[in-house]
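Before any comments, here is the structure.
Read the figures in this text as sums done on the coordinates, not as results from a lab. If you're wondering where the values come from, they're calculated on a predicted model, not measured in any experiment. Note: ideal-geometry Cβ built from the backbone for every residue, glycine included; neighbour counts use all protein chains shown.
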Amino acid sequence: MLKLIKADLHIHSCLSPCSDWDMSPKKIVQRSVEQQLDLIAICDHNTAENVAATMREGDHQGIVVLPGMEICSREEVHMVTLFKNAEDAMEMQHFIYKHLSGNNQPEVFGHQVIADEHDQVLGENPRLLIGATGLSLMNIVKKTHDLGGISISSHVDRPSYSLIGQLGFIPEDLQLDAVEVSFRMPLEKARIEVPGIEDYPCITSSDAHFLHDIGKVWTEFMLGAPSLEELILALAGKNGRHIVN
Ligand SMILES: [Zn+2]
Ligand SMILES: [Zn+2]
C-alpha cells in the first residue's frame, strides 16, 4: 500500500553558522508538523551533531526525520547526503571531520549551537563548519554510498556553491542519486534551463535557515513508508515508488 509523502529534505538547524538561533530540534519539528510534512531531513554544513536530537523529537511528535549533512567539497560544491540512521551519519561525520580544517569565528560566521530535543543548549561546535572539506565530489559520493546513503546535488540552479555554478556541468561519472532545485526556480523551468539535470531525478527542498522557511517548497513521493529505503526506490522509480511532482 503506497502513500503520498510530503517531504522537505534539506533543513539547517542552529548548528549551521548561517542559521537562525530558533532552528532548534524541537522547533524545527513543531514547524514541520504545522506545515503537514511527513518526512524531513536535517542537513547542517559538514556536521550531523543535531541530527539525533531532532530524530528523537520527530519520534515524539510523529514525524520522520532523516539524518543528513550538507557537505562542501574541495571544489566548493554543496552536496546533501542522507543516511538510514544516526549511526551511519555519525560515521560520515567522523570521516568529514578528518578532512575539515580551521576554527569557527562566531562573531564573523555565526554561532554553531548543539542543542537537545528539550531546547537545552549543550555547547558550541568549534570547527569551521562553513569551510570546504578537502574531499572531492567523487570521494563524498563514494563514501556516502559505502555507508548505504544517498547523495543529492544541492541547489543546482544557484550560481554559488552548486555543481553547475562551480563546474558548469554535471560530471557523467558522478553517481548522483538526485539533483535538488531551490525554491527560487520552479522545477519545470529548471529542467529546461539547467544543463544536464533532465537525466537525473529532480527534487525541490526549502534549504531552510529560518523556521518560517520550512516547507516553503517540498517534494511529494509515493512511498510504502517515510524512510530512506523507500526514498531510494522512488528515486530509482522502482516497485511503483516514484516522485509525484
Ligand atoms: Zn548549500
Ligand atoms: Zn543548505
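When the pairs Lys3/Lys189; Lys3/Lys26; Lys84/Lys143; Lys84/Lys216; Lys6/Lys142 are compared against a 19 Å limit on Cα-Cα distance, Lys3/Lys189; Lys3/Lys26; Lys84/Lys216; Lys6/Lys142 fall above it. Between Asp173, Asp157, Asp199, the residue with the greatest mean-square fluctuation in the GNM of the chain (Cα pairs under 10 Å linked by springs) is Asp173. Backbone geometry of region 179-195 corresponds, through the Karplus equation with coefficients 6.51, -1.76 and 1.60 at θ = phi - 60°, to 3J(HN,Hα) couplings of 10, 10, 9, 7, 5, 6, 10, x, 3, 4, 5, 4, 4, 8, 8, 9, x Hz, x marking Gly and Pro. Both the radius of gyration and Dmax for the chain are 16.5, 51 Å, in that order, over alpha-carbon atoms. Residues whose amide H falls under 5 Å from that of Thr47, counting only those 5 or more places apart or on a different chain, are Glu70, with hydrogens built in the peptide plane. By the beta-carbon count within 10 Å of each Cβ, the least crowded to most crowded order of Thr47, Thr54, fewest first, is Thr47, Thr54.
Exposure proxy for Leu4, Leu100: other Cβ atoms within 10 Å of each Cβ, ordered fewest to most, give Leu4, Leu100. Magnitude of the charge dipole for region 3-243, about its Cα centre and with charges confined to Cβ atoms of Lys, Arg (+1) and Asp, Glu (-1), is about 200 debye. Contact order for the chain, expressed relative to its length and based on alpha carbon pairs under 8 Å spaced 6+ residues apart, stands at 24 percent. Per residue, the chain reaches -8000 deg cm²/dmol at 222 nm when only DSSP H runs of four or more residues are counted, each adding -39500 (n - 2.57). Applying the Karplus relation 6.51 cos²θ - 1.76 cosθ + 1.60 with θ = phi - 60° to region 239-245 yields 3J(HN,Hα) values of 6, x, 6, 6, 7, 8, 9 Hz, where x marks Gly and Pro. Neighbours of Gly131 by Cβ distance under 11 Å: Lys/Arg scored +1, Asp/Glu scored -1, total +1. With a cut-off of 12 Å between beta carbons, the residues surrounding Ala225 carry a summed charge of -1, where Lys and Arg count +1 and Asp and Glu -1. Residues in region 135-146 carry Karplus couplings, in order, of 9, 6, 4, 4, 4, 5, 5, 5, 5, 4, 5, 4 Hz; the curve used is 6.51 cos²θ - 1.76 cosθ + 1.60 with θ = phi - 60°, and Gly or Pro positions show x.
Just so you know, the averaged projected area of the alpha carbon convex hull for region 79-155 sits at 6.1 nm².
For Glu124, the residues whose amide H sits under 5 Å from its own are Ile114, ignoring neighbours fewer than 5 places away on the same chain, with H placed 1.01 Å from N. In terms of other Cβ atoms within 10 Å, Glu193, Glu107 run from fewest to most in the order Glu107, Glu193.
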